[in-house]
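Down below is the structure, laid out as structure tokens.
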Amino acid sequence: MPSSAATSGAVEHPWHGVRAGAFRGAVDTYALHDEMRRLAPVWQAPWGDVYVTGYDLVSGSLGDRRLSHVPPGSDASGPGSAIRDWLIYQEGAAHAALRQALRQPFVGKGMAALRPVVAQAVEECVGAAALSGPVDVVAAFTRAIPERVIGRLLGVPDEDMPLMRAWSVAVRTMLDTGFDDAFDGGANPADEMSGYFVEHLRHLLAAGRLPPLLTGLPAVVDALGLTAAGRNIAFLAFAGHETTVHLIGNMLFHLAHQPDQWSALRADRRLVANAVAETLRLESPVQKICRWPLEPVVLGGRQIARDQMVVLLVGAANRDPAQFADPSRFDLRRAARQNLAFGRGAHVCIGRALAEMEGNAVLEAALARWKTIAPVAWQWLDNSSIRGLDALTLRLAA
Ligand code: HEM
């Protein structure tokens, strides 16, 4: 195990855990990050990839346009996997135009249309959870709320939510362990999910009724065609809830483990937004982001070749002791908002305000419903890119 290797001097090295995926079973990913940070701020693994742990370097790299989002050597004339068209894997003018069309509903007055949808989903799901006793809150509401929110904002019927859930879990796994194959073609869950959304968009356009997040749809379809538009709306559906689900679960996990912080929140609801920000810092749902240099670059004094994969460890940057004092502590009163959980630069998350709105609303509702929450049992996801809980049983008391 990497964490014990660091202290025992055994032959195993931290990179075994990095390669296998940082959240497998007993692997303590944060100890692994600490060890990598100690070895070098920009650490090159024996297999050639480069890992960046420091806050300043991760932050700078996220804004560095010499580091591309597009994996090198991918064969654009190949079978054309759905994920190749995703906004997140576009650069330059194509990226800017698509981003502009997709982000409209998230800015200014657009957000007002989203609020009642969030409020209704929270009311339905938290309101239906038991008032007392042990409850798996992931099964009861932390997953269902962001699913319903994004589904309804995209006009997906509630009865199709089980499909969304199955695709989301499959895409999450694919991005972690099968990315190269999926990107370069071949059938994958993102293609199947996209097929659904292509039909969905066709139907919406024919009916002339556009749900809140799709007011810019005609422009996207004009620019990209229906297939690429459908693929991007599938991406929005995935990115728009698979992350928020874990923000909410991770937040309840930490608050359940620290009753004093729960009591502080109950006494002063102005701290709710801090709890959301501190969770995003301490237990970032997106743990790592990859980039590929378009030309040779120097990062943290290390020469990096063109196309060498650079893994920006957001989860490590957000626990960098040079940036955040006592970084492993959940502290409601720290200034945590400058965390990198939503990325930075040209690709910074377009859904931040919605995710924070959902986090705030769930926490407000939980504080109103339960006097105490205590941890009983939990299971972390087996995924090195997404940090979150598969199950979280809490003892709730009203
Ligand atoms: C806690 C919740 C969330 C977290 C932690 C999160 C995190 C991130 C991060 C780190 C990126 C940048 C990735 C990169 O630079 O490679 C990103 C991009 C993105 N996010 Fe989020 N996100 C969240 C919620 C949402 C929501 C609610 C939506 C939409 C409804 C959304 C839609 C997007 C999109 C479309 C992009 C791509 C932007 C681009 O490439 O220009 N996210 N997100």
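The values are calculated or read from the model by the stated rules, or taken from the named source; none is laboratory data. What you see is a predicted model, and the numbers here were worked out from it, not measured in a lab. Here the Cβ positions follow ideal geometry from the backbone for every residue, glycine too, while neighbour counts run over all protein chains shown. Ligands, DNA and RNA are stripped out before the accessible areas are found, and what is left, the full protein with its side chains, is counted by its heavy atoms. Shrake-Rupley method; radii C 1.70, N 1.55, O 1.52, S 1.80 Å.
Numbers at a glance
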item: Structure-based [θ]222 nm, the chain - -39500 (n - 2.57) summed over DSSP H runs of at least 4, per residue, nearest 500; result: -15000 deg cm²/dmol
item: Sulfur and carbon atoms: percent of accessible area, segment 40-397 [1.4 Å]; result: 55 percent
item: Share antiparallel - DSSP beta bridges, the chain, percent rounded to 5; result: 90 percent
item: Kirkwood-type radius of the chain, with distances r between different C-alpha atoms, in Å; result: 21.9 Å
item: Peptide ranges 151-161, 316-326, 270-280, 293-303 listed from the most packed, as the mean C-beta count within 10 angstrom indicates; result: 270-280, 316-326, 151-161, 293-303
item: Under-5 Å amide H pairs with Gln323, H placed in peptide plane, nonlocal only; result: none
item: Long-range HN-HN contacts of Thr372 with modeled amide H, under 5 Å; result: Ala397
item: Surrounding net charge for Arg329, when Lys and Arg each add one and Asp and Glu each subtract one, Cβ distance under 13 Å; result: -1
item: Label-point separation, Ala219 to His257 (7 Å along Cα→Cβ), nm; result: 4.4 nm
item: Hull shadow area, averaged, segment 224-282 [alpha-carbon convex hull, nm²]; result: 5.0 nm²
item: Cut-off under 5 Å, modelled amide H: who pairs with Leu299 long-range; result: Ile304
item: Counted charge near Lys371, where neighbours are those whose Cβ lies closer than 12 Å (Asp, Glu -1; Lys, Arg +1); result: +3
item: Euclidean distance of C-alpha centroids, segment 35-106 and segment 295-314, integer Å; result: 12 Å
item: ³J(HN,Hα) computed for each position of segment 323-333 - Karplus, 6.51 cos²θ - 1.76 cosθ + 1.60, integer Hz, glycine/proline x; result: 10, 10, 5, 6, x, 7, 8, 7, 9, 4, 9
item: Net charge over other residues, Cβ less than 10 angstrom from the Cβ of Gly351 (K, R count +1; D, E count -1); result: 0
item: Rg/Rh for segment 64-194, where both radii come from Cα atoms and Rh is the Kirkwood radius; result: 1.04
